[in-house]
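Working notes, beginning with the structure itself.
What follows draws every value from the coordinates through simple rules; no lab data is involved. All of these numbers come straight from a predicted model, not from anything done at the bench.
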Amino acid sequence: MTSRQIKIKTGVIQRLMKDFESYEVEIDEQLKSLDKLEQQRIRIGREVEEDEELINWKIRKQREVLEQTRKILPDVYQRLNNSTEELKELVDAYEEELKDTDELDKAKKILEKFYLTNDQRRSCIDQLANQ
């Protein structure tokens, strides 16, 4: 059963790491899209009032989407940290029993990857908190 728990938790961490990266990319793309819309609004100026209203609506909607994504990221980060702590505890508790198994090797690799890249994730979360 422990081998299975480690395998499941390793998969959860892999998925959450991918989710976090995906949301980071999504935020970056949304910011670029928002900037593009704001540039359009500046170019249109007072030429056509209807176009300006449409662009203002698009900007509002883009900001809403961006805010929703920003709210999701800290939750993913917290779940990732919690899952990592749980996996670390499992590995520590059953390392001798599962010595030389694929599940243990994969778990150790995903933990190593998590710890190597966690400063970047923490920095992203800190930036979101300050915006």
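Under the membrane-span-like helix rule (DSSP H runs whose alpha carbons stretch at least 18 Å along the helix axis, mean Kyte-Doolittle hydropathy -1.0 or higher), the chain yields 2-44, 102-129. For the options GLN62, GLN39, GLN30, a Gaussian network treatment of the chain with springs between C-alpha atoms closer than 10 Å singles out GLN39 as fluctuating the most.
Percent of alpha carbon pairs in the chain separated by more than 19 Å? Intermediate values should be presented prior to the final figure.
Numbers: 5059 of 8515 pairs.
Result: 59 percent of Cα pairs exceed 19 Å.
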